[in-house]
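S.K.: Mind having a look at this structure? Questions to follow.
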Amino acid sequence: MMRTEPNASPAAPDHGHKDHIQRLVTEVESNPASRAARLLMKEPDPVIAEVLLALNHLVTLKALARFRKDRRKAILALLPAPKSEQWTMNLNYPVNTVGRLMERPVGLFRPDLTVREVVEQLRSLVKEAFITYGYVTDAQGTLLGVLVMRDLLLADPMARVTDVMLRDPFALTPRTSVSEAVRAVWNKHYPVYPVCDEERKIVGLIRGHVLFEEQNTRISAQAGTMVGVEEGDRLATPWLRSLTFRHPWLQINLVTAFLAAAVVGTFEHTIQRIVVLAVFLPVLAGQSGNTGCQALAVALRGITLGDMKRGKEAQLLIKEAWLGLINGALVGLVAAAGMFVYVRMQGNPQAPVLALVVLLAMVGSCIISGVFGGLVPITLKKLGFDPATASSIFVTTATDVASMGLFLSLATLLVR
């Protein structure tokens with residue numbers, strides 16, 4: 001006798017799968033791109049595709065860029081065609097360019113349409129995409145004008161869109177760097193900007209807040225990068241991983257500190273003979289170090305914002321040397337007065353000479369520190385490195401060696 005199976009009950013929703021996807025989304029969003037990609041690489045391609053669709057546009061692209069080309073292609077093939085095409089297009093452009101951040105163009109209209117026809121099309125389009133402006137393009141996709149919603153609402157329904165549109169609109173190019181784009185839109189404050197190629201054909205749209213968020217992210221990461229703290233080192237980063245980020249740079253800093261100590265050791269006889277010099281070594285190192293870090297901050301800001309054009313390097317270094325001279329002289333006079341009073345209180349007749357040594361050393365070390373503060377990031381950039389990478393460590397070493405070496409050399413020469 002044949003045994004019959006009981007009727008199957010309807011399949012219950014797979015809550016475990018949904019929870020897993022949500023956990024992955026949370027982890028990817030809270031980690032840097034490199035770690036986020038490693039988390040996703042352990043998952044099957046269909047799971048990765050689901051997670052990517054739930055992520056922020058920029059987070060998705062940063063994670064996707066870390067995958068091998070063949071696997072990335074397989075994952076993109078699982079996505080809806082519009083998303084797959086958009087992200088494929090984005091990844092064809094270099095990192096930190098407008099093309100990497102832009103969205104596919106929506107709200108494109110032919111120039112022969114009437115206002116009524118455009119409004120009817122918009123009623124359907126806004127159900128699928130968030131549309132801020134309309135864009136009038138010819139048959140080849142060349143951008144002719146921009147349609148503002150307020151103008152469409154107030155215009156004669158039978159008027160042609162060419163009579164309503166704003167002609168010769170501002171547009172960015174996909175290979176423009178984020179910093180250059182931010183400078184270009186600084187005083188415009190439009191919510192969305194069209195992105196056109198060299199032939200003025202519209203290839204995408206970029207939202208203003210996306211540009212400024214990306215630029216702010218890069219600038220905010222500089223403070224940590226300057227002292228060897230990677231962008232991936234965050235509050236939620238496990239301590240062992242933070243250790244691997246930071247410790248190598250501390251070892252490098254230790255080596256450079258030995259270099260500064262070696263300079264002091266070279267003048268050990270001078271310090272033993274004039275013990276008061278040891279009191280003013282930290283003062284000199286601190287002032288010159290601050291001068292160097294000020295110049296470093298200005299140089300990095302100029303590079304990040306795109307102000308550091310080719311040929312501007314000499315202008316920056318001359319400016320920092322001049323500021324070092326003036327600041328060094330002003331601070332040096334105060335420090336020299338302090339040295340004079342301190343030595344005189346000890347009954348040392350060489351107080352005027354030691355005060356002069358402090359003044360000259362402070363001026364010289366501030367000039368050198370200012371130049372080094374500008375020179376280090378410029379040099380790192382020319383060598384192909386991130387100009388912010390542990391630059392503070394290199395500047396501090398250079399300023400310590402220069403200030404202490406100059407101070408003790410002058411003391412050796414002038415004090416008898």
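The values are calculated or read from the model by the stated rules, or taken from the named source; none is laboratory data. Model, not experiment: these values are computed from the prediction. Note: ideal-geometry Cβ built from the backbone for every residue, glycine included; neighbour counts use all protein chains shown. Calculation scope for accessible area: heavy atoms of the full protein, side chains included, ligands and nucleic acids excluded. Shrake-Rupley method; radii C 1.70, N 1.55, O 1.52, S 1.80 Å.
S.K.: Using the beta-carbon distance between V148 and R310 and R0 = 60 Å, what value does 1/(1 + (r/R0)^6) give for FRET efficiency, to the nearest 0.05? Kindly include the intermediate steps, with their values, before the conclusion.
M.R.: Numbers: r = 38 Å, r/R0 = 0.64.
Taking R0 as 60 Å, the efficiency between V148 and R310 is 0.95.
S.K.: Please give the contour-minus-distance gain from E120 to E198: 0.36 nm per residue of separation, less the Cα-Cα distance, rounded to one decimal in nm. Kindly include the intermediate steps, with their values, before the conclusion.
M.R.: Numbers: separation 78, 0.36 × 78 = 28.08 nm, distance 3.17 nm.
Length difference between fully extended and current span is 24.9 nm.
S.K.: Oh, and also: Starting from 0.36 nm per residue, how many nanometres of slack lie between R104 and M41 once their C-alpha separation is accounted for? Don't skip to the answer; put the middle values down first.
M.R.: Numbers: separation 63, 0.36 × 63 = 22.68 nm, distance 2.66 nm.
My answer for the length gained is 20.0 nm.
S.K.: What nm distance separates the two modelled labels at H209 and F130, each placed 7 Å from Cα along Cα→Cβ?
M.R.: Taking the simple label geometry, H209 and F130 are separated by 0.6 nm.
S.K.: Can you list the equivalent-ellipsoid semi-axes of segment 264-407, largest first and in whole Å, using the square root of 5 times each Cα gyration tensor eigenvalue?
M.R.: Numbers: eigenvalues 222, 46, 18 Å².
Largest first, segment 264-407 gives 33, 15, 10 Å.
S.K.: What does the accessible area per residue of segment 68-135 come to in Å², with a 1.4 Å probe and no ligands, DNA or RNA counted? Provide the component values of the computation, followed by the final result.
M.R.: Working: 3860 Å² over 68 residues.
Roughly 57 Å² per residue, with all protein chains present.
S.K.: Additional query: Pull out the extension gain between V255 and N56, defined as 0.36 nm times the separation in residues minus the alpha carbon to alpha carbon distance; nm, one decimal.
M.R.: On the way: separation 199, 0.36 × 199 = 71.64 nm, distance 4.21 nm.
Fully extending the segment from V255 to N56 adds 67.4 nm.
S.K.: Same structure, new question: At 7 Å along Cα-to-Cβ for each site, give me the label-to-label distance between D168 and E29 in nm.
M.R.: 4.4 nm
S.K.: Which shape class applies to segment 45-85: rounded if a/c is under 1.5, otherwise prolate when a/b exceeds b/c and oblate if not, where a ≥ b ≥ c are the square roots of the Cα gyration tensor eigenvalues? Could the numbers behind the result be given before it?
M.R.: Details: a/c = 1.38, a/b = 1.07, b/c = 1.29.
Judged from the Cα gyration tensor, segment 45-85 comes out rounded (a/c under 1.5).
S.K.: Moving to a separate point now. May I ask for log10 I(q)/I(0) of segment 114-170 at q = 0.15, 0.26 Å⁻¹, from a Debye sum over the Cα atoms as equal point scatterers with solvent left out?
M.R.: At q = 0.15, 0.26 Å⁻¹ the computed log10 ratios are -0.41, -1.16.
S.K.: In this model, which of K18/K73; K42/K62; K319/K381; K201/K382; K83/K127 are farther than 22 Å apart at the alpha-carbon? Intermediate results must be reported in sequence, preceding the final value.
M.R.: Values: K18/K73 24 Å; K42/K62 17 Å; K319/K381 20 Å; K201/K382 34 Å; K83/K127 16 Å.
Over 22 Å apart, Cα to Cα: K18/K73; K201/K382.
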